[in-house]
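First up is the structure itself, then whatever we jot down about it.
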Amino acid sequence: MIDIRRILCPIDFSDFSRRALDHAIAIAQWYESTVTALYVFTPAPVAAYATGPIALEPLGLTAEDRRQMLADARHFVDEQTPAGFPVEAVIREGSPVTEILDQAASMNADLLVIGTHGRSGFERLFLGSVTERVLRKAGCPVLTVPCRLPDAVPARPVCYKRILCAVDFSDSSLHALNYALSVAQEADGQLTVLHVVSHEFDNAMDAAATVLAGDRMTVDDFKRQREDALRQRLQSSIPEAVAAYCTVDSMMPHGKPWREILRVASERQSDLIVMGVQGRGAADLFLFGSTAQHVVRESTCPVLTLRQGR
């Protein structure tokens, strides 16, 4: 259904990136992909280490520094990698966001797996500036892996047995559904396809029903008919053939989309949320989709976000 050949996973030697690498390797094993672990060294201005008025020339890596850093990255990767599974370690120098996006483009990455940082409320709100900007600008699907507190129970092996896919019938969300179906099939998991009927839609239906419903149809009949049409559309978006490979069910709650997505994910103890991201204009690009923005910030499980197919 989908083809994931090249996975990029930025690392920074933290537990956050260690867990992200676990997810990247697990997915790579399912799809027989290659994994590239990228560490970006950000040169600091000389002025940061001096008190006098000097030129702001960055302190770069020497050849020996680069060899040592690459060895450290290789050691970090080897600790997480199953025997016999190759993971390439790459060192780049510059702005983390720019270098991550450049590496993803140069290797034509099919998936970018990145950990979210931040323990405080402020840091949690902005996901960590690197992750947030990568989410907005990446051209390939991005899997964000939420941080784990240092004193938490060690994470269990990566397993996507319960997958939740939110759809709004846009091209990007139907593209995301294809990914969710493929992952559920590879992981032998259970997929829940969710469409949230927003309050705004309910209000619009109330207004339309009042205008359009005549003697032959009550307001409740009109709203029921519209909801039945939505439910039928939700069911028809799921290919019948997938029933042979994984378990699929659907839900259509009412409410605020991002709140309902998080509520259902919590109640079902989802291992993965998959959702499409709209990108119609500059504002959408900046926010990477308001619903996706809230879900990625608040989710306690990994979130895979996809724009419309490349």
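The values are calculated or read from the model by the stated rules, or taken from the named source; none is laboratory data. Only a predicted model underlies this, so the values are computations on that prediction, with no experimental measurement involved. Backbone-built Cβ (ideal geometry, glycine too); neighbour counts: all protein chains shown.
If you take the residues of the stretch 233-251 that are farther than 14 Å from Val196 by Cα and more than 24 Å from the chain's Cα centre (by Cα), which of them is modelled with the lowest pLDDT? Checking each candidate, the answer is Ala243. Among the residues of the stretch 277-290, not a single one is crowded, with 23+ Cβ neighbours inside 10 Å, touching a helix residue (DSSP H, G or I) at 6+ places or on another chain (Cβ under 8 Å) and at pLDDT 90 or above. Looking at the stretch 140-175, which of the residues that are assigned to a loop (DSSP other than H, G, I, E, B) and of a type in the set (Lys, Arg) is modelled with the lowest pLDDT? Once the filter is applied, the top-ranked residue is Arg148.
Just one of (1) modelled with pLDDT of 90 or more; (2) within 25 Å of Val295 (Cβ to Cβ); (3) of a type in the set (Ser, Thr, Tyr) fails for Thr36. It is (2). Residues considered: Asn178, Asn203. Of these, the only one that is modelled with pLDDT of 90 or more and either surrounded by fewer than 23 Cβ atoms within 10 Å (Cβ to Cβ) or hydroxyl-bearing (Ser, Thr, Tyr) (or both) is Asn178.
Which of the numbered conditions does Gln103 fail, given that it passes all the others? Conditions: (1) closer than 15 Å to Ala20 by Cα; (2) surrounded by 15 or more Cβ atoms within 10 Å (Cβ to Cβ). All conditions pass for Gln103, except number (1). Residue count for the stretch 99-129, restricted to those that are modelled with pLDDT under 95, of a type in the set (Ser, Thr, Tyr) and part of a helix (DSSP H, G or I): 1.
Could you check, for the stretch 24-43, whether at least one of its residues is in a helix (DSSP H, G or I), closer than 18 Å to Asp72 by Cβ and within 15 Å of the chain's Cα centre (by Cα)? Checked against the condition, which is being in a helix (DSSP H, G or I), closer than 18 Å to Asp72 by Cβ and within 15 Å of the chain's Cα centre (by Cα), the stretch 24-43 yields no hits at all.
Pull out all pairs, ordered by first then second residue, where Cβ-Cβ is under 7 Å, the residues are six or more apart or on different chains, the first lies in the stretch 229-252 and is more than 22 Å from Ala265 (Cβ to Cβ), and the second is among the small types (Gly, Ala, Ser) and modelled with pLDDT under 90. That search, which allows pairs on different chains as well, returns nothing. For Arg268, which of the numbered conditions (1) at pLDDT below 90; (2) more than 17 Å from the chain's Cα centre (by Cα); (3) not hydroxyl-bearing (Ser, Thr, Tyr) fails to hold? Only one criterion is unmet by Arg268, namely (1).
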